[in-house]
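Asks: Let me give you the structure first, and then I'll get to my questions.
The values are calculated or read from the model by the stated rules, or taken from the named source; none is laboratory data. These numbers come from a predicted model, not from an experiment. Cβ placement follows ideal geometry from the backbone for every residue including glycine, while neighbour counts extend to all protein chains displayed.
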Amino acid sequence: MFIDTSTIILVFIPMVLPLVNELGIDLIHFGVVIVLNMMIGLSTPPMGMLLFIVSGISGCPLSVVIRETLPMVFVLLAVLFLITYFPPIVMFIPDTFGR
């Protein structure tokens with residue numbers, strides 16, 4: 001939420017990837033969790049770039065856009081909780097079709 005997504009991709013992920021491998025976390029699961037986290041960060045203030053883009057295109061004030069997106073942010077947080085603590089939800093397709 002406080003860091004731009006390009007910084008996360010270029011700086012943060014390469015720093016934590018050895019730790020993720022060492023802990024035995026599946027890289028596909030890690031990638032899905034990171035992407036969903038970045039999506040939530042793009043949709044919430046203070047660095048919510050998507051909020052500014054939607055506000056600029058639609059002409060609506062930023063406060064209206066934030067108020068309208070809050071229910072979806074709560075849904076995204078619930079999905080993030082589910083996929084973080086129940087990895088088979090994410091890993092069903094890769095495990096079914098093999099790697």
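Asks: List the pairs whose first member sits in the range 72-83 and is free of Cβ contacts under 8 Å to residues at least 60 places away in the same chain, whose second member is in a helix (DSSP H, G or I) and polar (S, T, N, Q), and whose Cβ atoms are under 8 Å apart, counting only residues at least 6 apart or on separate chains?
Replies: L80/N37
Asks: Yes or no: the range 38-50 includes at least one residue that is small (G, A, S) and not in a helix (DSSP H, G or I).
Replies: Yes: one or more hits.
Asks: Among the candidates I28, I3, I53, which residue alone is among the β-branched types (V, I, T), farther than 25 Å from G98 by Cβ and touching a residue at least 12 places away in the same chain (Cβ under 8 Å)? Lay out the reasoning, then the answer.
Replies: Values: I28 fails: farther than 25 Å from G98 by Cβ; I53 fails: touching a residue at least 12 places away in the same chain (Cβ under 8 Å).
I3 is the lone residue from the list that is among the β-branched types (V, I, T), farther than 25 Å from G98 by Cβ and touching a residue at least 12 places away in the same chain (Cβ under 8 Å).
Asks: So which residues in the range 15-68 are among the hydroxyl-bearing types (S, T, Y), crowded, with 16+ Cβ neighbours inside 10 Å and modelled with pLDDT of 90 or more? Can you show your working first?
Replies: Taking the range 15-68 and keeping what is among the hydroxyl-bearing types (S, T, Y), we get 43-44, 55, 58, 63.
Subset that is crowded, with 16+ Cβ neighbours inside 10 Å: 43-44, 55.
The one that is among the hydroxyl-bearing types (S, T, Y), crowded, with 16+ Cβ neighbours inside 10 Å and modelled with pLDDT of 90 or more: S55.
Asks: Further, regarding this structure: Based on this model, can you work out whether I57 counts as part of a helix (DSSP H, G or I) and touching a Leu at 6+ places or on another chain (Cβ under 9 Å)?
Replies: no
Asks: I would also like to ask the following. Any residue in the range 3-24 that is in a helix (DSSP H, G or I) and touching a Ser or Thr at 6+ places or on another chain (Cβ under 8 Å)?
Replies: no
Asks: Okay, moving on. If P88 satisfies every condition in (1) touching a residue at least 24 places away in the same chain (Cβ under 8 Å); (2) out of contact with any His (no Cβ under 8 Å at 6 or more places or on another chain) but one, which is the exception?
Replies: (1)
Asks: Here is a further query. So which of T84, T5 is surrounded by 11 or more Cβ atoms within 10 Å (Cβ to Cβ) and modelled with pLDDT under 90?
Replies: Working: T84 fails: modelled with pLDDT under 90.
Result: T5 is the single residue among T84, T5 that is surrounded by 11 or more Cβ atoms within 10 Å (Cβ to Cβ) and modelled with pLDDT under 90.
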